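Okay, structure first, notes after.
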Amino acid sequence: MCNTAEVIIVGSGVIGCAAAYYLAKQGVSVLVLERDQSIGNGGSSRNGGGVRQSGRDPRELPLAMYAVEHMWPKLSEELEIDVEYHKQGNLRLGKTERHMEILQGLTERAAACGLDVHMIDGAEVRKINPYLSDEVIGASWCATDGHANPLLTTLGYYRKARALGVRFCTEEEVVAIQKIRGKARRIITAKAVYEGETIIVAAGYESRAIASTVGIDIPMRKELIEALVTEAEPKMFAQMLGTADADFYGHQTDHGSFVFGGASGMESVNKDNGNMAVSSITAPCICRGIMKYIPKLADAKIVRTWAGYEDLCIDGVPVISSVEEVPGLILACAFTGHGFGISPVVGKLLSQMALGEETFLDIREFRYDRFQAAI
Amino acid sequence: MKRYDLIVVGAGPSGLSAAIEGAKRGLQVVVFDENEKPGGQLFKQIHKFFGSKEHKAKIRGFVIGEQLLKEASELGVKVVLNATVTGLYMDKELVVKIADTIYHYKGDAILIATGAAENMVTFEGWTLPGVIGAGAAQTMMNLHGVKPGNRILMLGSGNVGLVVSFQLLQCGCEVAALVDAAPRVGGYGVHAAKVARCGVPFYLSHTIVKAEGEECVTGVTIAEVDKKFQFIPGTEKHFDVDTICLAVGLSPMSQLLKIAGCEMEDNPKRGGQVPICNEYGETSIKGIFVAGDVSGVEEASSAMIEGRIAGIAAAQYLGYIGIEELEEKFEENKAALEGLRQGMFAPENRGKLIERTEEGIPVSMNLLTKGYIAEDEIERYPGVTHRAGIHPVMECSQNIPCNPCQDACPRHCIQIGSHITSLPVVDESAQCVGCGLCVAACSGQAIFLVQEDYEPGYGTVTIPYEFLPLPQKGEKGYGLDRSGQRVCEAQVMEVKTAKTFDHTNLLTIRVPVDMVGKARFYRKIF
Amino acid sequence: MQHINDRAIAPGTFIPEPDDDRIICRCEEVTKGEIRRAVHEGMYTITEIRRYLRTGMGLCQGQTCARLVKGIVAKELGISPAELIPATSRAPMRPVEMKVLAKEEGRHV
Amino acid sequence: MSRRIAEHPILGVQEKGEKVTFLCDGEILEGYEGEPIAAALRAAGIMKHRYTKKEHTPRGIFCAIGRCTDCVMIVDGKPNIRTCVTPLKQGMKVQTQYGVSPKPFEKQ
């Protein structure tokens, strides 16, 4: 088999798979290298499935709004797989006055960017979702937010890209990128050497080590966060839920199970045994959080817990950028836990960047060299 | 956090054995088990165990369970039941669900002895109510006292399939057929023989085509398979049954070890995903040990020894004993383990066709394909002799590590010798008094007392009998041969029960003299 | 392992089999045909099959079907089942009610 | 209760809890306190515990030790209760489970 392609993508997460798909659709030859044995085994298969605009950094908002308006609604049709996209709103819940202040701030900033999001009181919240407890005194409500199935979205992009001729190689851990005659061109893995005209690095936190082999540093850290899933329950509600406190977020899936993510507060110091191990304290903590908001779920049985790494950027928004000082290199990483909802649009932008086209959205805010010392 | 020296997960044969050895050496030990009754599979095993005294031979599984539990309690081991270990986390932290609360515990050492789970096969209709695992059948009848069905077809001729078939018969169910896709019976011949002589037909090289029924099982169709396990058209056979029981092997239940991050391997010889561990059962994570089926599917007897080794190794790991004691005890237990792992059913012989016994005697092919030794094969075996007066006839035809018969005879009529797998031989010089202790002692129920000259034209056969209702003295019925066919009329001359027989009753039936070599079971005339 | 890793190596064309409608994952009601087809659609690992079809994602978390699924996928890929890494095991080992999980004891002595 | 084993040749007469009554789909049945719900149902000759969500096919006891989760029913209003490991209590209300609902599919 030939080890060259016009574009080589490092990382088969939803970003890498989406970019591969949009490139292949243009007739570009693409090779995707994945460190793991399974496609999309990082955050793409471990996140809560939120497709939100509200609650985002204003810099990211145009991407999210574009994806929700133009891409998500047609994605199932495009990928010929039901990605279980539901545009039925996001409630970000508050229980205290302080929560309401946080929500108010988020809402004002998003509304200023043109997003239809507004504050509602407890009664209105329970009209939208009657299962929420009386402790909830208000929420921000964005009717055009929603959720989708991240597993099927990732594998849907993969399947379609593969069918279009994209070559995916798993268990190919990239050791280094090499410049050839001034251009990023060669990729060295533990097993082989690959060459491409353009290299897109979309490898989550590992992107940092890979980029450093050509002298680029992305200031990010990683954090192991957890999620859980219940047994199937009768249909209860369709919105995506979040909280001002960020103590949990989640939704009910088409399957009937509830997927919730959440935090114990210990995430920044969580240990790992190499298997993305869950801690013994987080799932109970998430459950206590959920039960305060949705008491009816107290009897729902948890069937699985899991963990995954977030690649947290120092300034909270991703790097989606060509690297001029290393021609041929494009970075798409540090998504900070917000990547899934914007993955279709990022995939499309990356395809334009790889083809040297002007991008249809302004992505200057996501440049790799934007980071400055504080003082 | 509450911390123990040793936390054992699973109160089965290996877990309890490990707990006992640990506690004996001063460790503070707790055992968690998710079931309401301890003992693991032992409490479903109501047959007498094979092996030698050190392997608790001749004792029924559930009694061994009770003994282990008693010993553990006396040593101060805390056995917590209805306690589900839901996860094994870093720093050897266990989360245990007890009633409606979860508890966190830490162990300086942890022993995972979670046993195995049943494998399944699929066929048309396999999801219908009435298709159950063999373990489910055992649980229902032996733990809950409920018959799993009325008329049952068993799939699988390994020891589980054979033993459970016999248990089904014991609790009053009818076993319509015993079926296996393999060309030969997988389990012990003696287990097969006791099922066959009750009249259960064996269909080797057959498997299930479909379970029939709309809402639950009302029947089953089986068919013969060729060497590639493909159905041979035209060989279909139908049985009216209400239950289909699957006994097609076990897989180690090793999920907790995977959660903990122990290095695992897929080892078909051990039954599936098992942790990589050293000779003491210690996994890649120091202080996490394994024993029993979770580290490789075997018998309860070997699980107990593995448990002992791991318990002692945990004691050494925690500094309660020196390495010398561990090494010494390990050698002893290893010898016991090797004793069990020999003979025709030794792990290395799995799946192999062995044509001759260690003594050079051809193995009964009829036993391997029909479940019983044929008339023209039976005389080959050294335990089958003819002589005047009452004497034992030992229809033991396979080299299994087992010797209770030798110890049972007060007159030393029976000899196995130092090699535990040897076939038993009758010592012609010793005089049998017909006490029947050997009949009751034989875990395989393969020993009969025969008297050819009981009265003119009639002889007697004394058979082991573990069914209810117990026939009455003087009662008339039929003698059944090894295949379960009626061969003659028979009259019950004597029914002996004794505490030492441990529920194996001795039924002496009078049969025509030409039938003393054939009649091996009795059924009353209804 | 080359067969699993290079997704451009296809397992040949999908040929329907008479028992494709047989349920394999009892909890999530996934059939043999769906599993076989998924392999042909590029899902070469147990983890991918699981995420794609929900095999082993139900109440029992694959305790019944894991071995069966593995056998089908391996056969379709033309490899030994032992070459396929099983799906990750995760706590809880049995379904636990949220209110029970929420009620912890013994974290502190 | 013909499916009950009155006396077992090896295990003898098994100890049972108090005799209790419970409701299964509205029908009054008898069982013994503390035994698994599934055992009481099997003793009463009830084979079907639920109908599946997708194919609406019946399921019953399969593993009987709480692993396979095939025998789940709605017990006292809660769905997905593993009847093979849930002890029977006086007055329990057990219902056939359709998908995850007590209502037959045509009424859902």
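The values are calculated or read from the model by the stated rules, or taken from the named source; none is laboratory data. What you see is a predicted model; the values in this text were computed from it and never measured. Backbone-built Cβ (ideal geometry, glycine too); neighbour counts: all protein chains shown.
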- Query: If you go through region D:64-76 one residue at a time, how many are surrounded by 24 or more Cβ atoms within 10 Å (Cβ to Cβ), closer than 21 Å to B:ASP242 by Cα and touching a helix residue (DSSP H, G or I) at 6+ places or on another chain (Cβ under 8 Å)?
  - Reply: 2
- Filtering region B:351-374 down to residues that are over 18 Å from B:CYS402 (Cβ atoms) and in contact with a helix residue (DSSP H, G or I) (Cβ under 9 Å, 6 or more places away or on another chain), which residue is surrounded by the most Cβ atoms within 10 Å (Cβ to Cβ)? B:GLY371
- Item | Residues within region C:89-107 that are part of a loop (DSSP other than H, G, I, E, B) and more than 7 Å from chain B (Cβ to nearest Cβ), tallied | 1
- Collect the residues in region A:163-176 that are buried (at least 24 other Cβ atoms within 10 Å of the Cβ) and within 9 Å of chain C (Cβ to nearest Cβ), keeping them in residue-number order. A:VAL166, A:PHE168
- Failed condition for A:ILE81, given (1) under 19 Å from A:VAL14 (Cβ atoms); (2) in contact with a strand residue (DSSP E or B) (Cβ under 8 Å, 6 or more places away or on another chain); (3) part of a loop (DSSP other than H, G, I, E, B), with all others met? (2)
- Message: I'd like the full set of residues that are within 7 Å of chain B (Cβ to nearest Cβ) and more than 21 Å from B:VAL217 (Cα to Cα), limited to region D:1-15.
- Response: D:ILE5, D:GLU7, D:HIS8, D:PRO9, D:ILE10, D:LEU11, D:GLN14
- Note on the structure: Selection from region B:91-105 of residues surrounded by fewer than 17 Cβ atoms within 10 Å (Cβ to Cβ) and more than 34 Å from the chain's Cα centre (by Cα) yields B:ASP91, B:ASP100, B:THR101
- Per-region count, region A:276-327, residues facing chain C (nearest Cβ under 7 Å) and without any contact (Cβ under 8 Å) to a residue 12 or more places away in the chain: 5
- Query: Any idea which of D:GLY31, D:GLY45 is under 23 Å from D:GLU15 (Cα atoms) and surrounded by fewer than 19 Cβ atoms within 10 Å (Cβ to Cβ)?
  - Reply: D:GLY45
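Sort out which residues of region A:9-48 are in a strand (DSSP E or B) and within 23 Å of A:GLU78 (Cα to Cα), and write them in order of number. Please lay out each step first, then the result.
Narrowing region A:9-48 to residues in a strand (DSSP E or B): A:9-10, A:30-33.
Residues satisfying the conditions are A:ILE9, A:VAL30, A:LEU31, A:VAL32.
Run down B:ASN150, B:ASN142, B:ASN119 and say which single residue is touching a residue at least 40 places away in the same chain (Cβ under 8 Å), more than 7 Å from chain D (Cβ to nearest Cβ), closer than 27 Å to B:GLY10 by Cα and of a type outside the set (Val, Ile, Thr). If you could, list the steps in order and put the result at the bottom.
Values: B:ASN150 fails: closer than 27 Å to B:GLY10 by Cα; B:ASN142 fails: more than 7 Å from chain D (Cβ to nearest Cβ).
It is B:ASN119.
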- Note on the structure: With criteria (1) over 12 Å from the mean Cα position of the chain (by Cα); (2) away from chain D (no Cβ under 14 Å); (3) under 19 Å from B:ILE46 (Cα atoms); (4) hydrophobic (A, V, I, L, M, F, W, C), B:CYS198 comes up short on (2)
- Is it the case that A:GLU108 is more than 23 Å from the chain's Cα centre (by Cα), of a type in the set (D, E, K, R) and under 27 Å from A:PHE340 (Cβ atoms)? yes
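Out of region B:1-19, which residues are assigned to a strand (DSSP E or B), within 13 Å of chain C (Cβ to nearest Cβ) and surrounded by fewer than 24 Cβ atoms within 10 Å (Cβ to Cβ)?
Residues of region B:1-19 that are assigned to a strand (DSSP E or B), as a first pass: B:2-9.
Within this subset, residues satisfying the condition of being within 13 Å of chain C (Cβ to nearest Cβ) are B:2-4, B:7, B:9.
Matches in region B:1-19: B:LYS2, B:ARG3, B:TYR4.
What residue, among those in region A:341-375 that are of a type in the set (Gly, Ala, Ser) and surrounded by 14 or more Cβ atoms within 10 Å (Cβ to Cβ), is farthest from the chain's Cα centre (by Cα)? Working first, answer last.
Pass one, region A:341-375, residues of a type in the set (Gly, Ala, Ser): A:341, A:343, A:347, A:351, A:354, A:356, A:373-374.
Still in the list and also surrounded by 14 or more Cβ atoms within 10 Å (Cβ to Cβ): A:341, A:343, A:347, A:351, A:354.
Values: A:GLY341: 6, A:SER343: 7, A:GLY347: 12, A:SER351: 18, A:ALA354: 21 Å.
The qualifying residue farthest from the chain's Cα centre (by Cα) is A:ALA354.
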- How many of the residues in region B:41-67 are over 25 Å from B:MET253 (Cα atoms), in a helix (DSSP H, G or I) and among the aliphatic types (A, V, I, L, M)? 0
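Can you pull out every residue in region B:328-381 that is part of a helix (DSSP H, G or I), under 17 Å from B:PRO183 (Cα atoms) and not hydroxyl-bearing (Ser, Thr, Tyr)?
Of everything in region B:328-381, those that are part of a helix (DSSP H, G or I), under 17 Å from B:PRO183 (Cα atoms) and not hydroxyl-bearing (Ser, Thr, Tyr) turn out to be B:ASN349, B:MET365, B:ASN366, B:LEU367, B:LEU368, B:LYS370.
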- Pick from A:ALA211, A:ALA246: which is at pLDDT 95 or above and either of a type in the set (Gly, Ala, Ser) or assigned to a helix (DSSP H, G or I) (or both)? A:ALA211
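In contact (Cβ under 8 Å) with a residue 24 or more places away in the chain, within 13 Å of chain C (Cβ to nearest Cβ) and not charged (D, E, K, R), is that true of B:ALA260? So that I can check it myself, show each step before the final result.
On the way: in contact (Cβ under 8 Å) with a residue 24 or more places away in the chain: yes; within 13 Å of chain C (Cβ to nearest Cβ): yes; not charged (D, E, K, R): yes.
When the stated conditions are applied, B:ALA260 passes them.
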- Item | Exclusive hit being in contact (Cβ under 8 Å) with a residue 12 or more places away in the chain and either facing another protein chain (nearest Cβ under 7 Å) or of a type in the set (Ser, Thr, Tyr) (or both), set D:ASP70, D:ASP76 | D:ASP70
- Message: So, in region C:71-97, exactly how many residues are farther than 25 Å from A:GLY274 by Cβ, touching a strand residue (DSSP E or B) at 6+ places or on another chain (Cβ under 8 Å) and polar (S, T, N, Q)?
- Response: 0
- Message: I need a count of the residues in region A:214-232 that are touching a helix residue (DSSP H, G or I) at 6+ places or on another chain (Cβ under 8 Å) and not in a strand (DSSP E or B).
- Response: 2
- Only listed residue being under 21 Å from the mean Cα position of the chain (by Cα) and under 24 Å from B:TYR89 (Cβ atoms), chosen from A:ALA300, A:ALA263: A:ALA263
- Message: Can you confirm whether D:LYS53 is within 21 Å of D:THR69 (Cβ to Cβ) and over 18 Å from the mean Cα position of the chain (by Cα)?
- Response: yes
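Give the residues of region B:421-462 that are within 14 Å of chain D (Cβ to nearest Cβ) and either over 24 Å from the mean Cα position of the chain (by Cα) or not in a helix (DSSP H, G or I) (or both), sorted by residue number. Break it down stepwise before answering.
Here is the first cut: in region B:421-462, the residues within 14 Å of chain D (Cβ to nearest Cβ) are B:440, B:443, B:445.
Selection gives B:SER443, B:GLN445.
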- Message: Considering only region D:22-41, I want to know if a residue exists there that is more than 30 Å from B:HIS503 (Cα to Cα), without any contact (Cβ under 8 Å) to a residue 40 or more places away in the chain and within 11 Å of another protein chain (Cβ to nearest Cβ).
- Response: no
- Message: When you check A:SER279 against the structure, is it more than 23 Å from A:MET240 (Cβ to Cβ) and outside any loop (DSSP other than H, G, I, E, B), yes or no?
- Response: no
- Does A:PRO234 satisfy being surrounded by fewer than 23 Cβ atoms within 10 Å (Cβ to Cβ), more than 23 Å from A:SER45 (Cα to Cα) and either within 14 Å of chain D (Cβ to nearest Cβ) or touching a Gly at 6+ places or on another chain (Cβ under 6 Å) (or both)? yes
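Residues in region B:20-42 that are under 19 Å from B:MET141 (Cα atoms) and crowded, with 24+ Cβ neighbours inside 10 Å: how many?
Looking only at that region, the number is 3.
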- Here the residues within region A:244-255 that are touching a Gly at 6+ places or on another chain (Cβ under 8 Å) and more than 19 Å from A:LEU103 (Cα to Cα) are A:HIS251, A:THR253
